[in-house]
Amino acid sequence: MTRLYRALMAAALVLGTAPAARAAAPPAGELTAVSIVAAPGRVDFVLQVTGNVQVNDFFLSDPDRLVLDLVGAKLGTSQVKLYDGVNRGGITNVRYAQYKPGTVRIVLDLESAKPYKVEQNGGEIRVSFGSSASFAGWSSNGPAGTRVVKAASQQEADDEIDSAADEAPQAQYASQTGPEVNSIPMTRMAAMRNNAEPRITVTWDRASIADVVAGFAAFSGRTIILGKSITGEVTAEIKNQPWPQAFQAVLATQGLTAQEMPGGIIRVDAPQVLAALDSLEPLETSVVRVNYAQAAALSKTVESILTKGRGRVVADTATNSLVITDTRSRIGQIADFTRGLDIKTPQLSIQAKIIFVERSDIEQLGLKYDLGTSSQFYNKVVTRTDPSTGEAYNPNTTVVDLGGNQVAAIANANSNIIGSALDLVFSTALGGFNLTTFLQAVEQVDLSDIQAEPVISTLDNRPADILVGEEVPLRVVDYSSVGVAGQAPRATVSFRETGIRLTVTPHVTANRQILMNLRTERSAVVPLAAADLGYIFTKQLATNQLLVNDGETAVIGGLTVTEVKKSRSGIPLLSSLPLVGKLFSYSSDEERRRDLIILVTPRIIDDGQATN
C-alpha cells in the first residue's frame, strides 16, 4: 500500500468517512492551526487559515457554546491534537472537525455566556472575549498535552447543527465578520464537560489492517506499532463510538490485542506473541513504601494483577513496604496501582448513649391470724413464757398435746413480718386460747437509672470495641470428680465479662454519610441465694446496621418491658365475703417496668479537628 493511501486513510478517519466516499473536490481554503492566547483584559481564540475562507458564528445555550463555521475550508492533516481541557479565560474545551465537504466546524465550550467579537484579517480569524484571568497559552502546533478530552467528530458536528435549528432564533448565524460585538445574555452557568475519549465515525471496505491501525494512530494522536507479519482486511462501519472501543472491536475481529507500553506507546499483535514477548522481557524489582494501610493486607490485592508465572510480591512488615517484582514494562504500572490503594482513610468518632431505667412498685396489705394454746405454738413472732419458770419457751422445742382436746391454728405464727412499713400485732386470750392478729402494710418504690455514654474513635472500615465493666468469677462444682468416699468434689472458676460494650465497624461513603455495623450491649450479674446454684445474667443487646449523616443522632434500639404480678391469700370462705373479706385476706401487688434506649452519634474527624 502506498504512502499516499495511508495518508488518505488517516484523513478519512478524522473526517468520518472512507476515502472512496469523498468524491467532492477539496476546497480552496484550509485550517492550519488553532490557538488560545492571553491579552490585556481579554482572551483571544485565533484560527490560522489559508485561501478564501468565510466565517459564520452562532451561540448555543445550556450549556453555553460558541460555534464557528469556516465555509470554503478543509481541516489540515496536522489538526489531530486534542485540547488539554484547561480552563483558559472561560474557554473550557475546544473541538473541531470537518462538518461537511467545504465546511470546518469549531465548537468552543464556555464557562459562562459572555460578549464576544469576531474579526478576520487575511489568514487570521480572531475571536475575543473579555477576561482578566492569566494563563499559559495553548496551540495545536505545540507539544502534545497529557490530558485527553473529548474532541469533535462528524456526528458531534451534526448534533451541534441540530441543536442550532432547535434553538432559533438565538442559534441563527450572527452578523458577518466585523468589528461589532455580539451580546449574549449571561443568565445560565455553563455545564462542565466530561473528559471523555473522542468519538469516531468511519467506514472501511476491504481496507488492510495496517491502514486501519495507521488511521487510528492519526485520529488519536497516539503511537501505535503493528507487529510484523500481521495481515488481514477490514470491512466495517462505525458510527459515533469512542475510538478506544472501536479500536478494540476492530482488533478483536482480527484476533489481535493491544498492549500499552511505558511512555504510552501501543503495540498490536497476536495475544500469544505479546505473551511470548513478556516472557522474554527482563524482570525488575521495586520497593513501594506503604504509609496508611498494612502492607500484608495489600499484598493479596497486588498479587492479583501481577504477570502470571513471573511476577511476585513480598510484604516487609518491618518497614511496612511491598517488594514487587515484575517485567520492566509493567513494574511502573503495578507500583502506581499499589500507591493508589494506599490512601489516607478518614477517622471517625462514635458516641453511643445507653439509657436503662428500671422501676419497681410493691404494695402489700392484709391481716393474718394465729390461734394457739399454751402447749401448741411457734415461739417466734409472739414470745410466750413457761408458766412454771417465767422464761420463754425454747423455740426448738415443740409440745404436742396428744389428748386431742385442744385445736391450735399456728400457720402464721412463724411468718417473717420484718421489712414491712407497718406491722401491728394484737393478741387476746379467749378461754384457753391465745388469738394473735398480724396487720402488715407496705408500699415500696425502687428506681434504677443507668446512663452510659461510651465514645470510641477508629479508622474507616476498621472494627473497634470498647468495654466498661468487670469480670465476674463463676464457681463450677464437678461432683463427678468424687472418686473416694469423703473426698471433696473438684471446683473450677471461670470469669464472665459484664458491663457496657460497644462494637462498631464504620464506613464513610462518597457523599460523607456514615454506614455502621453496630453491636451495643449492657449486661449485669445477679447472684442467686445459694452461691453453688450459680448466677443470673441480665442482658440488653442491640445489633443492627444503619446509615446516618455526619453528626446526626439516630435511635438504634428501644425496648419497654412491663411486668405486673398480683397475689391474694386468705382464709377460705371468710376472705370471699363482701366488705369484710379483706379482714381475713392478704394481698400483694407488684409492678416492674424496664425501659431501654440506645442512641448513637457518629462524626467524621477531619485533619486538625479534635475529638470531644
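The values are calculated or read from the model by the stated rules, or taken from the named source; none is laboratory data. Small disclaimer: the values here were computed from a predicted structure and weren't measured. Glycine gets a Cβ as well: all are built from the backbone with ideal geometry, and neighbour counts include every protein chain shown. Accessible surface is based on the protein model in full, side chains and every heavy atom, while ligands, DNA and RNA are left aside. Shrake-Rupley method; radii C 1.70, N 1.55, O 1.52, S 1.80 Å.
Observations
- Calculated FRET efficiency, VAL445 to VAL525, Cβ-Cβ distance, R0 = 25 Å: about 0.55 to the nearest 0.05.
- Cross-link pairs exceeding 32 Å between alpha carbons, from the set LYS228/LYS308; LYS300/LYS353; LYS74/LYS239; LYS74/LYS114; LYS539/LYS566; LYS114/LYS344: LYS300/LYS353; LYS114/LYS344.
- Share of alpha-carbon pairs per 5 Å distance bin for region 280-331, given as whole %: 5, 23, 32, 22, 13, 5, 1, 0
- Charge tally in the Cβ shell below 13 Å around LYS565, where Lys, Arg are +1 and Asp, Glu are -1, LYS565 excluded: -2
- Between amide H atoms placed 1.01 Å from N, distances below 5 Å from GLY232 occur with ILE209, all of them 5 or more places distant or on a separate chain.
- Backbone HN-Hα couplings from phi across region 335-350 [Karplus 6.51/-1.76/1.60, Hz, Gly and Pro as x]: 5, 5, 4, 5, 5, x, 6, 8, 10, 6, 7, x, 9, 10, 10, 10
- Whole-Hz couplings from phi, Karplus 6.51/-1.76/1.60, listed for region 101-118; x for Gly and Pro: x, x, 9, 9, 10, 10, 10, 9, 7, 10, 5, 7, 5, 8, x, 9, 9, 10
- ASN461 paired with VAL548, simple spin-label distance in nm, labels 7 Å along Cα-to-beta-carbon: 2.3
- The Cβ shell under 11 Å around GLY89 holds other residues with a net charge of +1, Lys and Arg each +1, Asp and Glu each -1.
- Per residue, the convex hull spanned by the Cα atoms of region 247-344 measures out at 110 cubic angstrom.
- Per-residue SASA entry for ILE225, accessible area with 1.4 Å probe, Å² rounded to 10: 90
- Two-site FRET efficiency, ALA488 against ASP336, from Cβ-Cβ distance with R₀ of 56 Å, rounded to 0.05: 0.20
- Karplus 3J(HN,Hα) series, Hz, for region 459-467 with 6.51 cos²θ - 1.76 cosθ + 1.60 (x for Gly, Pro): 8, 4, 6, 10, x, 9, 9, 9, 10
- Simple label model, 7 Å out from Cα along Cβ direction - GLU363 to PHE433, nm: 3.3
- Once all protein chains are placed together, MET261 keeps about 60 Å² accessible to a 1.4 angstrom probe.
- Annotation: amide H-H contacts under 5 Å for ASN93 (H modelled 1.01 Å from N, sequence separation of 5 or more, or interchain): ASP109.
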